[in-house]
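Here the structure is laid out as structure tokens; the discussion comes afterwards.
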């Protein structure tokens with residue numbers, strides 16, 4: 001599902017047809033697509049980070065309990081929606097409502113992921129080798145997306161066009177959240193997973 | 001297959017290009033897309049419920065018997081068709097024929113699923129731990145889609161535009177059908193699966 | 001791959017926008033799409049039959065030998081091409097060249113499948129429980145597609161518009177080919193697989 | 001992911017609608033699509049070769065170490081981008097910038113693959129039966145794409161329209177790179193894999 005949504009991002013970038021076919025005209029044409037390329041890369045990174053988290057959470061579970069099916073499907077719905085909100089933002093960069101709409105869909109996706117993680121990572125669903133420290137780390141990591149997206153949402157009111165760019169830092173922020181409070185107690189296993 | 005069809009639903013929602021780029025104009029533009037968003041969510045839920053049922057049925061089988069291959073492929077054909085009927089209904093909400101067409105494709109999909117379930121859930125295909133109560137529950141659940149879609153079809157003659165909205169209740173109705181008659185005899189296992 | 005190509009077939013059917021929104025106009029509009037629906041169903045059945053055969057062949061192999069990788073990829077290339085040739089034929093039904101083009105791509109796909117099967121179903125790739133009768137049956141079945149597509153190709157010169165319809169019989173013809181010569185010697189296992 | 005990107009290549013080829021529907025006009029129309037078909041085949045072969053390499057590398061690993069997740073996702077991003085660069089080149093064959101753009105995306109994809117391979121194929125990630133000769137062969141093979149794409153890039157300055165055609169030789173070149181230096185020392189296992 002994540003793989004399909006992430007690959008569909010590209011089909012929203014349409015092939016341009018410049019009126020004149022000189023090299024210079026082509027370079028201008030491609031430069032005009034930079035917001036589309038940026039949106040593709042941004043959403044690929046954000047959805048990619050969600051994919052990694054999702055994979056990690058389900059790797060901690062013995063099986064998919066029926067009570068998790070719908071929280072999971074609703075999260076997948078938000079992920080499947082991303083190609084639209086990405087295309088909306090990319091085609092209208094620097095316009096306030098599309099930028100806010102994009103950040104809003106990410107806030108929703110982030111909250112749905114937190115909800116799924118809270119429901120999934122508890123007894124009796126867990127594999128026996130999952131430690132409390134692992135769960136705490138996954139929970140801390142899952143805060144990164146809604147917090148970053150909320151910041152982007154607020155920035156979008158004032159600086160549409162640049163407000164969503166900080167989201168490109170997601171993978172690094174996720175690692176920061178994972179390592180937070182590490183200094184206070186030793187968590188060797190969490191370090192191996194979070195690198 | 002379900003995952004692909006469910007993700008393709010989004011590419012039928014096209015990015016709007018309002019003539020003026022004010023915030024107000026954008027909000028009106030996005031409000032005009034509400035039928036498309038509603039169609040996306042509705043079909044995601046309905047196809048998602050079919051996906052869950054399909055997964056559950058095949059989890060009860062030892063292997064995919066050759067006699068089940070074509071009943072299964074014909075069901076998948078109806079699922080693969082959903083992005084079209086969803087887009088048709090969403091782009092022409094409140095028009096009678098597209099609404100009826102959508103409900104009709106769901107009736108067909110629901111009947112094909114019942115047919116597959118009746119052929120699949122019987123000896124000698126079943127895993128040894130599948131109880132008669134499990135099978136009865138899955139069969140009752142499978143009635144929810146064609147019944148709900150038939151109601152939507154009838155409603156569509158009188159109130160096109162709202163006729164398909166009851167389908168959003170599908171996951172709840174499925175659980176109701178699963179629990180039906182539970183009071184009469186104890187089925188602890190069915191309760192664990194149907195939650 | 002087969003699942004993706006088979007699901008992508010639908011996105012080539014575009015949502016119509018009739019000028020008037022009466023029920024009658026809508027019924028005419030949908031009736032005009034019948035060639036597109038027929039093309040979708042036809043290709044779904046043909047690619048579905050190839051998918052079943054592919055699955056069956058690889059189920060007989062111990063592993064995917066490196067010498068089979070490229071014959072397999074070239075077959076997948078022909079399968080991935082089907083959404084285009086289906087859309088070409090469906091949008092221009094009753095025109096000779098699109099009908100011939102469609103039949104031609106199926107002849108090529110059928111020959112590529114025969115080539116893959118001949119290379120794959122031999123020692124030392126086979127699982128130990130695969131009998132010579134199983135292999136002979138799979139080989140006979142694989143003749144159905146290129147023969148049927150060749151007939152459609154010849155018919156297309158004289159009756160474009162109806163020439164490809166016989167392909168809808170593919171699943172039945174495949175079973176006929178599988179059972180051919182069965183009367184002459186007993187093959188109980190082949191019967192169980194080919195039903 | 002590779003399978004999805006490779007299948008999406010086809011949806012960038014749009015169904016033509018010639019003004020006159022004679023056989024001759026249709027043949028001209030289809031002949032005009034030859035660059036699009038060539039681009040489809042070319043990218044299918046190149047991405048197919050990357051898929052085979054990716055599959056082979058991950059088959060040598062015990063598990064996907066967290067430190068490999070992002071190098072892998074960034075490579076997948078370049079693969080997911082291919083449908084766009086293919087469509088850009090195919091729709092504007094014989095124009096310099098689109099041809100260079102296509103070759104450039106392949107150089108980037110090739111370098112990202114080398115980076116992933118260098119990070120992945122080392123202790124302690126390897127399965128115990130992976131030999132140093134296997135790793136050396138995979139590394140040599142991975143040089144083929146960036147070298148071929150760089151040649152195409154340089155050719156693109158002088159002969160746009162034909163510059164990317166040599167890439168169709170990729171599978172053969174990969175095998176050449178794999179067998180390079182074989183004469184100097186015996187590598188029976190590598191021969192079995194590289195055939």
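See the values below:
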{"quantity": "Ranked A:14, A:92, criterion: other C-beta atoms within 10 Å, fewest first", "calculated": "A:14, A:92"}
{"quantity": "B:129, A:23, D:65 arranged by Cβ crowding within 10 Å, fewest neighbours leading", "calculated": "B:129, A:23, D:65"}
{"quantity": "Diffusion coefficient, µm² s⁻¹, Stokes-Einstein with Kirkwood Rh over alpha-carbon pairs of region A:36-97 at 4 °C and 1.567 mPa s", "calculated": "97"}
{"quantity": "Teacher prompt: residue B:158 distances to equivalent labels in other copies, 7 Å Cα→Cβ, nm", "calculated": "5.5, 5.6, 7.8"}
{"quantity": "Test item: A:153-160 mean partner chain Cβ contacts at 10 Å", "calculated": "0"}
{"quantity": "Separation between Cα centres of region B:49-83 and region D:23-91, rounded to whole Å", "calculated": "30"}
{"quantity": "Exercise: per-residue mean of other protein chain Cβ atoms within 10 Å, C:80-88", "calculated": "6"}
{"quantity": "For chain C: relative contact order, % (alpha-carbon pairs under 8 angstrom, 6 or more apart)", "calculated": "24"}
{"quantity": "Degrees between helix A:66-91 axis and first principal axis of chain A (Cα, 0 to 90, nearest 10)", "calculated": "20"}
{"quantity": "Listed peptides C:77-90, B:28-41 by packing density, highest first (mean Cβ within 10 Å)", "calculated": "C:77-90, B:28-41"}
{"quantity": "Principal-axis tilt of helix B:96-120 within chain B, Cα atoms, nearest 10 degrees", "calculated": "20"}
{"quantity": "Diffusion constant of chain D at 25 °C, which comes from Stokes-Einstein with the Kirkwood Cα-pair radius and 0.890 mPa s, µm²/s", "calculated": "136"}
{"quantity": "Average partner coverage of B:11-18, which counts Cβ from other chains inside 10 Å", "calculated": "6"}
{"quantity": "Other-copy label distances relative to residue A:169, 7 angstrom Cα-Cβ extension, nm", "calculated": "4.8, 4.8, 6.8"}
{"quantity": "Axis-proximal residue, chain A, for the rotation superposing A on D (Cβ, Å)", "calculated": "A:4, 4"}
{"quantity": "Hull volume in cubic angstrom per residue (convex hull over the Cα atoms of region C:123-181)", "calculated": "95"}
{"quantity": "Using a 7 Å Cα-to-Cβ projection, residue A:132 label spacings across copies, nm, ascending", "calculated": "4.8, 4.8, 6.8"}
{"quantity": "Helical contribution to [θ] at 222 nm, DSSP H n ≥ 4, -39,500 (n - 2.57), averaged over chain A, rounded to 500", "calculated": "-23000 deg cm²/dmol"}
{"quantity": "Least to most buried among B:122, C:118 (fewest other Cβ within 10 Å first)", "calculated": "B:122, C:118"}
{"quantity": "Cα-Cα pairs of region C:1-84 separated by more than 19 Å (percent)", "calculated": "52"}
{"quantity": "Rg [Å, one decimal], Dmax [Å, integer] - the protein assembly as shown, C-alpha atoms", "calculated": "27.0, 82"}
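Each value in this text was obtained by applying a stated rule to the coordinates, not by laboratory testing. No experiment lies behind these values; they were computed from the predicted model shown. Here Cβ is always computed from backbone atoms with ideal geometry, including for glycine, and neighbour counts include all displayed protein chains.
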